[in-house]
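One structure is given below, encoded as structure tokens.
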Amino acid sequence: MPRFLKQFIYGSIYILIIGLVGFGIYSLYFTTTPSCSDNIQNQQESEIDCGGPNCISCELKLLTLKQVNEPNFFDAGQFKTTAVVKITNPSWNYGSKNFNYEFLFINRLGGAIATRPGLLGTSYISAGESKYLIAPAINIDPRDVGRVLVNISNVAWDLKANLTSYSLSFKNLKLVLNNKSPQVSGILKNDSASSYNAISVIGVLFDKRGNAISASATKLDNVQSFSETPFVIFYPAMSNAASIDISSISPQWFSYEVSR
């Protein structure tokens, strides 16, 4: 065999060996097994790290509870403050059986006001639902409050079919003014076979321009199946009570919270 041919063969084998070793080192140290957190669209994913047979759905990955607007706060009387925020679940496929929330009161100088009882809570939300979260009559002087923030955490998402469904609704809502102290009466209708030990009813009042101007809540005990339970929500005296849009009062001003 000619010498140059031997050199060519030996050189080719040497280059092949070096190439295989290099490929092995690269595969071992510079490549990763496809996963749902590698920031690469692979393993039949619909989008990066979501969808397909192995990863969570892209809707669930991106799903968050939305605050409809900035939290509002109101004078609750006796140097106390009530705060309320409306949240919404944009998904019609998923709901949350449990999440945590915290109201944070910020003073007029931008600093945090020390926490008080009643600012922490847990709640739930159904698929496609909008509801109010409230921190009623907190022992903070409203004159000290500049704004309120709400943090939501530990949202336990699940498919709609796996969550409890509530067949509750409001009817016969009526608002009256009693010496500038608004009162709302109505009926909570339960169209289900389930009974509940306690249900809180939250009501927000709006003026004719659509601005929230007060909020309060009441608690109903022993709500029976297939029942209609009357309720009354009392609000603190308001100097601007005459601005309430009485003619537009609707179920959208109210939400319920089933104690579990």
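The values are calculated or read from the model by the stated rules, or taken from the named source; none is laboratory data. It should be emphasised that the depicted structure is a prediction, and the values quoted were computed from it without experimental measurement. Positions of Cβ are generated from backbone atoms using ideal geometry, with glycine treated the same way; all protein chains shown enter the neighbour counts.
Conditions: (1) loosely packed, with under 13 Cβ neighbours inside 10 Å; (2) without any contact (Cβ under 8 Å) to a residue 60 or more places away in the chain; (3) at negative phi. GLY210 meets all but one. Number of the miss?
(3)
Do we have PRO251 as without any contact (Cβ under 8 Å) to a residue 60 or more places away in the chain and either more than 24 Å from THR81 (Cβ to Cβ) or touching a Leu at 6+ places or on another chain (Cβ under 6 Å) (or both) here? I'd like the intermediate steps shown before the answer.
Numbers: without any contact (Cβ under 8 Å) to a residue 60 or more places away in the chain: no; either more than 24 Å from THR81 (Cβ to Cβ) or touching a Leu at 6+ places or on another chain (Cβ under 6 Å) (or both): yes.
Judged against the criteria, PRO251 is not a match.
In this structure, does TYR124 turn out to be within 10 Å of the chain's Cα centre (by Cα), at pLDDT 95 or above and not assigned by TED's automatic domain parsing to the domain that holds TRP253?
Considered against the rule, which asks whether it is within 10 Å of the chain's Cα centre (by Cα), at pLDDT 95 or above and not assigned by TED's automatic domain parsing to the domain that holds TRP253, TYR124 comes out as yes.
Among (1) at negative phi; (2) outside the structural domain of ASN72 (by TED's automatic domain parsing), where does LYS180 come up short?
Going through the list (1) at negative phi; (2) outside the structural domain of ASN72 (by TED's automatic domain parsing), LYS180 breaks only (1).
Among (1) within 23 Å of GLU228 (Cβ to Cβ); (2) outside any loop (DSSP other than H, G, I, E, B), there is one condition THR164 misses while meeting the rest; what is its number?
With (1) within 23 Å of GLU228 (Cβ to Cβ); (2) outside any loop (DSSP other than H, G, I, E, B) applied to THR164, the lone miss is (2).
Could we say that ALA127 is assigned to a loop (DSSP other than H, G, I, E, B) and not polar (S, T, N, Q) here?
Details: assigned to a loop (DSSP other than H, G, I, E, B): yes; not polar (S, T, N, Q): yes.
Yes.
Suppose the filter is at pLDDT 70 or above and either assigned to a helix (DSSP H, G or I) or exposed (fewer than 13 other Cβ atoms within 10 Å of the Cβ) (or both); does SER12 pass it?
Values: at pLDDT 70 or above: no; either assigned to a helix (DSSP H, G or I) or exposed (fewer than 13 other Cβ atoms within 10 Å of the Cβ) (or both): yes.
No.
Is there any pair with a first residue in the stretch 38-63 that is touching a residue at least 60 places away in the same chain (Cβ under 8 Å) and a second that is small (Gly, Ala, Ser) and outside any helix (DSSP H, G or I) whose Cβ atoms are under 7 Å apart and which are 6 or more apart or on different chains, and what are they?
Close Cβ pairs satisfying both conditions: LEU63/SER91.
Pick from the stretch 215-240 the residues that are under 11 Å from ALA76 (Cα atoms) and of a type in the set (A, V, I, L, M): which of them is surrounded by the fewest Cβ atoms within 10 Å (Cβ to Cβ)?
ALA237
Output the residues belonging to the stretch 104-154 that are closer than 21 Å to TYR256 by Cβ and of a type in the set (Asp, Glu).
Listed by number, the list holds a single entry, GLU129.
Can you say whether VAL184 is touching a helix residue (DSSP H, G or I) at 6+ places or on another chain (Cβ under 9 Å) and over 20 Å from VAL68 (Cβ atoms), as far as the supplied structure shows?
Working: touching a helix residue (DSSP H, G or I) at 6+ places or on another chain (Cβ under 9 Å): yes; over 20 Å from VAL68 (Cβ atoms): yes.
In short, yes.
May I ask you to say which residue of ASN154, ASN179 is exposed (fewer than 14 other Cβ atoms within 10 Å of the Cβ) and closer than 24 Å to MET238 by Cα? Outline the logic, then answer.
Values: ASN154 fails: closer than 24 Å to MET238 by Cα.
None of the other options fit; the residue is ASN179.
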